[in-house]
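Encoded as structure tokens, the structure appears first; notes follow it.
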Amino acid sequence: MLDVWGDLNGLLASKTAVVLALYGFDRVAWTLFGAGALLAYTNQFSHRQTHSTKHSALTKWLQANHVLLPPAVHRVHHQVFNDSFAVLNGHSNAVVTRMRGAVENQWVWLAVFAALSFFDVAVFRAMAGLFY
């Protein structure tokens, strides 16, 4: 798993610096950071299992029940390269595909991804009215 999580570790180190610089030791910020980090590692694990050929009985069950991404669902992404981006379980594929259809500019999506990756705490606080 270290080969899969290597890039993610670097990104989370960067995000740690951003959260610390912007919010210090704020509980809400670190709770959101922790939840996001856990979800990021879970996404990486799910994606890795999609490409793996050896699965435990638990992984097979989780994929069969769409808790983790089934290989057949993810395979579509590798055939058309502009669809089926959801790597956790595939449930959001229809929403993401519609959003990408509405805004096709890849740089817009890169900017949204970067903003939500590094400033998700600020976005959450703004949405929840928690700015102080």
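A value for Rg/Rh (Cα atoms, Kirkwood Rh) was derived from the coordinates, and within the list [x] 0.97; [y] 1.00; [z] 1.12 it appears as [y]. Under a Gaussian network description of the chain, with springs only between Cα atoms under 10 Å, the residue in N93, N43, N105 that fluctuates furthest is N105.
What relative contact order, as a whole-number percentage, does the chain give when Cα pairs under 8 Å and 6 or more residues apart are counted? Answer for the chain is 20 percent. Between A86, P71, T31, the Cα set farthest toward the positive side of the dipole of the chain (charges on each charged residue's Cβ, about the Cα centre) is that of P71. Placing unit charges on each Cβ (+1 for Lys and Arg, -1 for Asp and Glu) gives the chain a dipole about its Cα centre, and among G10, M99, L22 the Cα reaching farthest toward its positive end belongs to M99.
Contact order for the stretch 13-91, expressed relative to its length and based on alpha carbon pairs under 8 Å spaced 6+ residues apart, stands at 25 percent.
By accessible area, using a 1.4 Å probe on protein heavy atoms only, the stretch 14-63 has 67% of its surface on carbon and sulfur. When the surface is traced with a 1.4 Å probe over the full set of protein chains, H51 keeps roughly 100 Å² accessible.
Taking θ as phi - 60° and the Karplus parameters 6.51, -1.76 and 1.60, the scalar couplings of the stretch 114-126 work out to 5, 4, 6, 6, 9, 10, 4, 5, 5, 5, 4, 4, 5 Hz in sequence order, x denoting glycine and proline. Which one of L58, L69, L116 has the biggest mean-square fluctuation once the chain is modelled by GNM with Cα springs under 10 Å? Result: L58 has the largest fluctuation of those listed.
The values are calculated or read from the model by the stated rules, or taken from the named source; none is laboratory data. Because the structure is predicted, anything quoted here is derived from the model rather than measured. Neighbour counts run over all protein chains shown; Cβ positions are idealised from the backbone, glycine included. Heavy atoms of the whole protein, side chains included, go into the accessibility calculation; ligands, DNA and RNA do not. Shrake-Rupley method; radii C 1.70, N 1.55, O 1.52, S 1.80 Å.
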